[in-house]
Amino acid sequence: MTPATSKPPLPRRTPQRVATDKIQEAVDARDVPAAALTSVGIQLPAMDVRTPWPVTDDSDAGQATRYALVHLGVCSAPVALALAAVIVEGAGR
């Protein structure tokens, strides 16, 4: 058995209410465009919400809580072309 080594410090916790609000905002930001794309026959199957990396040091202790991110994922070439066509058509309105 190897000797115990020191463990890295645990990340600071974001206040739960703030984190929940940020995550809900990102979920809504994912679902609204997903519904719009679905209405024109386009599906991005890998759309997801990613939460911020945990903070492991005190370098950003005074900064505001980071946003959760909407990850659009990858799609096939035909889906990318269909998405571009819908964007161009919508921009022409």
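Readers should treat all values here as calculations from the given coordinates under stated rules, not as data from a laboratory. Bear in mind that the values here come from a model prediction, so they are computed numbers and not experimental data.
Structural remarks
- The H on the amide N of HIS71, modeled in the peptide plane, is under 5 Å from the matching H of ASP48, VAL49, ARG50, each at least 5 residues off or on a different chain.
- The slack between GLU25 and ASP48, meaning 0.36 nm per residue of separation minus the straight C-alpha distance, is 7.0 nm.
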